Every structure is written in structure tokens, then in C-alpha cells.
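Heads up, the thing below is written out as C-alpha cells.
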Amino acid sequence: MAKKGHLTVLAGSMFAGKTTKLITLYRVFTKNGYKTLCFKAEGAEVKDRKGKTNSHDERNLPVTFIENNKPQLILKIVKKERPDKVLIDSAQFFPDKATKKVVFKLLDQGIDVVVNGLLYDYRRKYFRLMHELFDLADERMELFAICERCGARAKNTERVAGGTKRLEATSKAKYIAVCTRHHKIYKG
Ligand SMILES: [Zn+2]
């Protein structure tokens, strides 16, 4: 049987440097000759599939945008482009079950997968996909931000503006990173 891919999961709150870490991995992989594709969830309709994503510190990463309700498109693109490594940025925007299946299919094909995303929403409820993948990963890294209220290690994201939908892009909502002691649930 062919060798299985290796699953790495980077989890943490917003501003913990998850995308920055992904950019570093992307550079290391490509420099070492591994073809690497990075996928990112977009809205329900994608006009330009190829683009770039920015980390909070303004570095950028070439990405392929995928409709957030169609994670299985990743398999289609991978079949055509045949990467050695697949990165998935902000995986919490994709649906739980279908995305988990996609990740396992990639691993079965011998492709190494790196997933990053939030472990908790702004109410401190788990994102199931991230929680499950974090448990199943061959390698897991929890990244921390700094609490805006006391400077301690922050593992929570607090929404401070922008509605009460569970998932809202940072362009519409405003978030800060806070420690558990200082976390408040935004009521809108
Ligand atoms: Zn604090």
C-alpha cells in the first residue's frame, strides 16, 4: 500500500500567527522542490480562483479560492495539479463532515496536509472540524496570541463588533484576542 500523507494541524485564536506559520511552511516546501497548493474558503461564489491571502502582518501567500460549501472541489483540483503538499487556510469556514472526508482522501493519496483554523468561535464553542482534526493530527501545534486586556497568553477570540453570526470574515466583523479570564461574549 502507498505511503499515507502526514497531517499537521495549526490551531489557535485570531492574531496567533496561524497564516504567518502557513506562509513559512509554504516557502520552505516550495524551496525544497515540493509542489504545494494552498486552499482557502471564499463566499458561495468564486469569480477568480487564483489569488492571494494576507496574514495579519501583511505577508502574502498564493491561494486557490474554493466556495465554502464545496470543499470537494479541492480533490478535483488536486487530481489535475498533482501537488505533493496541500495547505488549507482558515478551515473553520468549510463544513465539518465533507471537509474531513476531503482531508482523509488527500492523506490516502500520500499527500501531506497542513490545516489551520480556529479551535473556538467567539462564544468559545469548538469548531467541530478543527477540534476533530486537531485530535487526529500526526503533528499539532496550538498557537497563542496576547490578551489585549492583560498581556497574558490568549487562546480566545472575542468579537467586539459586526453582528452575531457564528462565522464572519474580518472584513465585516472586528475581533480581538483575549485570555480566558478576560473573555466576554459579544451580544451585538
Ligand atoms: Zn487577559
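Which residues, counting only those in segment 110-139, are in a strand (DSSP E or B), closer than 16 Å to Ile176 by Cα and more than 16 Å from the ligand (Cβ to nearest atom)? Break it down into steps so the answer makes sense when it comes.
Our first condition is that a residue be in a strand (DSSP E or B); within segment 110-139, this holds for 112-117, 120, 126, 139.
Narrowing further to those that are closer than 16 Å to Ile176 by Cα: 117, 120.
Correct list: Gly117 only.
How many of the residues in segment 57-109 are part of a helix (DSSP H, G or I) and among the hydrophobic types (A, V, I, L, M, F, W, C)? Can you show your working first?
Going through segment 57-109, the residues part of a helix (DSSP H, G or I) turn out to be 73-81, 91-93, 96-108.
Checking the rest, the ones that are also among the hydrophobic types (A, V, I, L, M, F, W, C) come to 73-75, 77-78, 91, 93, 98, 102-104, 106-107.
Matching residues across segment 57-109 total 13.
If you go through segment 140-182 and keep only what is without any contact (Cβ under 8 Å) to a residue 40 or more places away in the chain, within 16 Å of the ligand (Cβ to nearest atom), part of a loop (DSSP other than H, G, I, E, B) and crowded, with 17+ Cβ neighbours inside 10 Å, you end up with Cys147, Cys179.
Can you name every residue in segment 1-54 that is β-branched (Val, Ile, Thr) and assigned to a helix (DSSP H, G or I)? Steps first, please.
Here is the first cut: in segment 1-54, the residues β-branched (Val, Ile, Thr) are 8-9, 19-20, 23-24, 28, 30, 36, 46, 53.
Result: Thr19, Thr20, Ile23, Thr24, Val28, Thr30.
Yes or no, residue by residue, for (1) within 30 Å of Lys80 (Cβ to Cβ); (2) among the basic types (Lys, Arg):
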position: Lys105; (1), (2): yes, yes
position: Leu136; (1), (2): yes, no
position: Cys150; (1), (2): no, no
position: Leu167; (1), (2): yes, no
position: His182; (1), (2): no, no
position: Ile185; (1), (2): no, no
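Looking at Phe15, Phe29, just one residue is surrounded by 15 or more Cβ atoms within 10 Å (Cβ to Cβ), touching a Lys or Arg at 6+ places or on another chain (Cβ under 8 Å) and in contact (Cβ under 8 Å) with a residue 40 or more places away in the chain, and that residue is Phe29.
Each reported figure results from applying straightforward, stated rules to the coordinates on display, with no laboratory input. These figures come from a predicted structure and were not determined experimentally. Here Cβ is always computed from backbone atoms with ideal geometry, including for glycine, and neighbour counts include all displayed protein chains.
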